[in-house]
2 protein chains.
Amino acid sequence: MVAARNTQSVSVWARESDVARSIAETHENLHFLPGVKLPTALVADVEIHRAASADVLLVAVPAQALRATLALLPSKSVDAKPVVICAKGIERVSGLLVTEVLKEILPRAVPAILSGPSFAKDVARGAPTAITIAAEHETAMRLQATLGSDTFRPYASSDLTGVALGGAAKNVYAIATGIADGLGLGESARAGLLARSFAELVRLGTAMGAETETLMGLSGLGDLVLTATSRTSRNFSFGLHFGQGASLAMLSSKGHPLAEGVDTAPALVKRARMAGIELPIAETVAAILGGSLQARDAIVRLMSRPLRKE
Amino acid sequence: MVAARNTQSVSVWARESDVARSIAETHENLHFLPGVKLPTALVADVEIHRAASADVLLVAVPAQALRATLALLPSKSVDAKPVVICAKGIERVSGLLVTEVLKEILPRAVPAILSGPSFAKDVARGAPTAITIAAEHETAMRLQATLGSDTFRPYASSDLTGVALGGAAKNVYAIATGIADGLGLGESARAGLLARSFAELVRLGTAMGAETETLMGLSGLGDLVLTATSRTSRNFSFGLHFGQGASLAMLSSKGHPLAEGVDTAPALVKRARMAGIELPIAETVAAILGGSLQARDAIVRLMSRPLRKE
């Protein structure tokens, strides 16, 4: 929808043929964005090669499905072409950021990433939204012009690592604050947890070469705040239900939308260990979801660590 | 209540004699915290000299009333004694931080400040809460031990400027996000505004000699997140009603609890100008409250500033 505001033709490839069909026939994504009329300039397709012939590709699939999806693209079709990753997460098997997966699978593409505080429903209804697009300078400027509008404001960055890390980590921390809320610990506890989550993100990001400005910006702190305080967020909502006693199995079953943080929590911990960084909150989330810690004990312990200097 | 958990005797002085009377007679603060049973070790008084004879003083009055309240304390009674400011704001007439007002009025007191994400209702019911206490090292450690408990965790800091500034600024930015919510701009817009508010705080704080760790910590980011996303916050709530069309006069009348940010907005802008720093969001809030800008136009314009690098 954002791209179709500014460009002549946008084609959507969808893995699920019924999603493509519902868009093609009704101009509505009945599965993932029901009730929103899509622009007629937007054409859906189940044939990836046609969509891949576009000037710019945006890849919006779950992080754990990114590798397999990118592998469907003919390497030649993306030669020197911007491929904008819209996935948020860290690959569980490898500990790689989504931008690193892109470089591994399609090294000839021009890598880019779009991330920032933006619920699909806000973007769809034209509510003002500001996000970050990271790529090398020329590409970032071009994407900013291609996707920007009065209500959708992309800010350009060259820090792919910072943007990819912020987008991934926030889902893990949103599960933590969701669990705290589900346990009834109160808003003060949630805010304290969120501030410490941000400190973890900055520690890891700095070690990985991300810029502090990125981590403090829209795609870092901005998205962390949105995701970790709103019930509209899948990850916060997942944590909330988990904290209220729902099981992982129950929450992972059909009907519950994807919570990226479930897979990204252990992946984030893995990546942090590779960088020699400890992340008490992310490690706690991974241990709770892995079944080795009880949620209440673990979160309360996080909140009452020994008194020390901040 | 927090102090009474750890100490033999705590006495509360209150300006309003009916507040002191309700605490003395019913062990409940009927005016400001109804429904909460106060500890019996807590004794209320309308005679400030008796309360001032304690080993540690905590001063919890509105920022604009701080100077007058401190002036009631006999200078001798606070000699080499910790005076912990719990007020959050910047003095409107002078542009001074609350800690600076303390130093001006009671130069012989040992200055300290307590701030951080903590709603009174959460602290009162023993929900886990983590806050920051700033003072010179020995004093901070002593206050940490005096006030700390399993559920109320004070972290020690030596950065009085950073803690005082964070506590003041968050109320101004909470009004901004409240207005955005009142205008119906959506959660994505609010999160974007919050991330940029934090960037403003860091810019000003750095110029004033605050430590980045403080600004990123509980009393900075933590309290900003709590105040700027919760309807329990007086300042967010004020902004929300204002954004929905209520007038400043209506919201300032009796029955509405104090929104510190209303006075602190112009004071923060004044202080930033003294430091040579521009604060687009705080300036917008001050101009809206001052009547020189329309809320909707101003906030939407903030969200759609020209595309540029973040």
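Which condition breaks for residue A:287 when tested against (1) away from chain B (no Cβ under 14 Å); (2) touching a residue at least 40 places away in the same chain (Cβ under 8 Å); (3) of a type in the set (Gly, Ala, Ser)?
The number of the failed condition is (2).
For (1) among the hydrophobic types (A, V, I, L, M, F, W, C); (2) within 19 Å of residue B:157 (Cα to Cα), each residue gets a yes or a no:
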| residue | (1), (2) |
| --- | --- |
| B:177 | no, no |
| B:184 | no, no |
| B:193 | yes, no |
| B:200 | no, no |
| B:206 | no, yes |
| B:210 | yes, yes |
| B:222 | no, yes |
| B:235 | no, no |
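Determine, yes or no, whether residue A:100 is open to solvent by 80 Å² or more (accessible area, probe 1.4 Å) and outside any loop (DSSP other than H, G, I, E, B). Working first, answer last.
Numbers: open to solvent by 80 Å² or more (accessible area, probe 1.4 Å): no; outside any loop (DSSP other than H, G, I, E, B): yes.
Criteria not met by residue A:100.
Just to be sure, is residue B:29 open to solvent by less than 30 Å² (accessible area, probe 1.4 Å) and of a type outside the set (A, V, I, L, M, F, W, C)?
Considered against the rule, which asks whether it is open to solvent by less than 30 Å² (accessible area, probe 1.4 Å) and of a type outside the set (A, V, I, L, M, F, W, C), residue B:29 comes out as yes.
Just name the residue that is nearest to residue B:235 (Cα to Cα) out of those in region B:26-63 that are in a strand (DSSP E or B) and among the β-branched types (Val, Ile, Thr).
Among those residues, the one meeting the criterion is B:59.
Return the total of residues in region B:243-261 being open to solvent by less than 30 Å² (accessible area, probe 1.4 Å) and touching a residue at least 12 places away in the same chain (Cβ under 8 Å). If you could, list the steps in order and put the result at the bottom.
Taking region B:243-261 and keeping what is open to solvent by less than 30 Å² (accessible area, probe 1.4 Å), we get B:243, B:246, B:251, B:259-261.
Subset that is touching a residue at least 12 places away in the same chain (Cβ under 8 Å): B:243, B:251, B:259-261.
The total comes to 5.
A quick yes/no check of all residues on (1) at pLDDT below 95; (2) away from chain A (no Cβ under 14 Å); (3) surrounded by fewer than 19 Cβ atoms within 10 Å (Cβ to Cβ):
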site: B:67; (1), (2), (3): no, yes, yes
site: B:70; (1), (2), (3): no, yes, no
site: B:76; (1), (2), (3): yes, yes, yes
site: B:90; (1), (2), (3): no, yes, no
site: B:113; (1), (2), (3): no, no, no
site: B:120; (1), (2), (3): yes, no, yes
site: B:129; (1), (2), (3): yes, no, no
site: B:140; (1), (2), (3): no, no, no
site: B:143; (1), (2), (3): no, no, no
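Only residues in region A:110-125 that are in contact (Cβ under 8 Å) with a residue 60 or more places away in the chain and aromatic (Phe, Trp, Tyr) count as the first member; pair them with residues that are open to solvent by 10 Å² or more (accessible area, probe 1.4 Å) and assigned to a loop (DSSP other than H, G, I, E, B), Cβ under 7 angstrom, at least 6 apart or cross-chain, and list the lot.
From residues that are in contact (Cβ under 8 Å) with a residue 60 or more places away in the chain and aromatic (Phe, Trp, Tyr), the pairs are A:119/A:232.
Which of (1) among the β-branched types (Val, Ile, Thr); (2) in contact with a Lys or Arg (Cβ under 6 Å, 6 or more places away or on another chain); (3) modelled with pLDDT under 95 does residue A:101 not meet, given it meets every other one?
(3)
Counting only residues that are at the interface with chain A (Cβ under 9 Å from one of its Cβ atoms) and buried (at least 24 other Cβ atoms within 10 Å of the Cβ), which one in region B:160-185 is farthest from the chain's Cα centre (by Cα)?
It comes out as B:185.
The values are calculated or read from the model by the stated rules, or taken from the named source; none is laboratory data. Note that this is a predicted model, so its numbers are computed, not measured. Quick reminder, even Gly has a Cβ in these numbers, built from the backbone with ideal geometry, and neighbours come from all protein chains shown. For accessibility, only protein heavy atoms count, side chains too; no ligands or nucleic acids. Shrake-Rupley method; radii C 1.70, N 1.55, O 1.52, S 1.80 Å.
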